[in-house]
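Student: Here you go, one structure.
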């Protein structure tokens with residue numbers, strides 16, 4: 001993404017600070033989309049789509065080589081980021097050598113290391129390639145899906161020679177018992193760990209990750225993902241996840257598997273993915289196709305389609321009952 005320099009200042013008033021920099025970057029989208037029955041709040045019709053995202057990024061380096069920084073994504077700031085106990089779209093980090101400690105609106109270790117199957121670098125205005133019923137976004141088990149947590153993580157990563165080791169923690173109710181806030185009686189902290197590995201082997205760009213996340217008296221999830229990039233711009237991948245819920249949680253144990261294909265060459269990027277979830281008698285699947293064409297200067301034409309199928313009838317907020325659904329979007333994305 002092309003960034004616009006917002007401010008750059010050398011701070012020399014104190015010996016403890018070597019330098020600091022603040023930048024502002026932007027992303028905007030416009031076009032049309034159909035949200036489908038699953039995500040629509042008013043009607044299942046083709047609608048106008050506009051969105052703007054602004055991110056402030058701050059970074060600095062201390063005299064001893066310690067790198068530090070923070071960012072705030074204003075589009076994600078659904079809660080006041082002035083409240084330290086609430087997640088408001090901000091993330092902060094300190095780093096030295098291969099070690100990095102991050103807190104705030106960031107991924108769990110599971111979500112960080114396990115590859116997802118939206119390959120090829122092709123995105124879409126309405127995220128059609130990642131919202132269908134068969135797509136497993138590891139972050140689904142970071143926040144509210146884990147007994148109402150707000151997704152505020154503390155994570156430590158250490159990387160060397162293509163390996164990344166990661167551990168993280170997330171408080172479910174800001175350190176209190178979840179049942180004090182109307183949630184299920186579970187553990188107070190979700191713990192996650194993962195290991196990732198990236199290398200080039202015989203002309204292939206390989207990326208693999210194994211992740212684990214658990215919340216006492218609620219659930220535990222294992223996940224594995226592998227991707228391979230070939231000469232000529234082709235990319236393939238596969239992922240598998242296993243979900244185990246405690247008896248007190250009204251969800252049956254389940255599993256997910258998914259595959260992805262991508263192609264990127266010159267200005268063209270294409271991504272295709274398919275996945276299935278199975279939780280006892282509740283099975284759902286979906287696929288998506290996304291196509292991008294880079295027009296240069298930060299302007300990209302985007303088109304995508306997603307399709308979902310459900311073994312059991314679904315009901316949306318308007319009371320519409322359905323067992324199949326689809327979404328699509330078409331328009332322009334702009335990076336500044």
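Student: Tell me the residue from 54, 66, 24 that is within 21 Å of the chain's Cα centre (by Cα), modelled with pLDDT of 70 or more and surrounded by 13 or more Cβ atoms within 10 Å (Cβ to Cβ), please.
Tutor: From the options 54, 66, 24, the qualifying one is 54.
Student: Answer yes or no: is there a residue in the range 202-212 that is at pLDDT below 95, touching a strand residue (DSSP E or B) at 6+ places or on another chain (Cβ under 9 Å) and not in a loop (DSSP other than H, G, I, E, B).
Tutor: yes
Student: Consider residue 273 against the criteria (1) under 28 Å from residue 226 (Cβ atoms); (2) modelled with pLDDT under 95: it satisfies all of them except one. Which criterion is unmet?
Tutor: That leaves (2) as the condition not met.
Student: Could you figure out which of (1) over 28 Å from residue 170 (Cα atoms); (2) more than 20 Å from the chain's Cα centre (by Cα); (3) surrounded by 15 or more Cβ atoms within 10 Å (Cβ to Cβ) isn't true of residue 272?
Tutor: Against the list (1) over 28 Å from residue 170 (Cα atoms); (2) more than 20 Å from the chain's Cα centre (by Cα); (3) surrounded by 15 or more Cβ atoms within 10 Å (Cβ to Cβ), residue 272 comes up short only on (2).
Student: Which numbered condition trips up residue 47, out of (1) surrounded by fewer than 17 Cβ atoms within 10 Å (Cβ to Cβ); (2) modelled with pLDDT of 95 or more; (3) closer than 30 Å to residue 276 by Cα?
Tutor: Evaluating residue 47 over (1) surrounded by fewer than 17 Cβ atoms within 10 Å (Cβ to Cβ); (2) modelled with pLDDT of 95 or more; (3) closer than 30 Å to residue 276 by Cα leaves (2) as the failure.
Student: Which ones in the range 275-310 are exposed (fewer than 14 other Cβ atoms within 10 Å of the Cβ) and within 20 Å of residue 258 (Cα to Cα)?
Tutor: Within the range 275-310, 280, 281, 282 meet the criteria.
Student: Moving on to the next point. Being over 19 Å from the mean Cα position of the chain (by Cα) and over 25 Å from residue 28 (Cα atoms) is the filter here, so list the residues in the range 275-306 that pass it.
Tutor: 278, 279, 280, 281, 282, 283, 284, 285
The values are calculated or read from the model by the stated rules, or taken from the named source; none is laboratory data. On a predicted model such as this, the values are computed, not experimentally measured, just so you know. Positions of Cβ are backbone-derived with ideal geometry, glycine not excepted, and every protein chain shown enters the neighbour counts.
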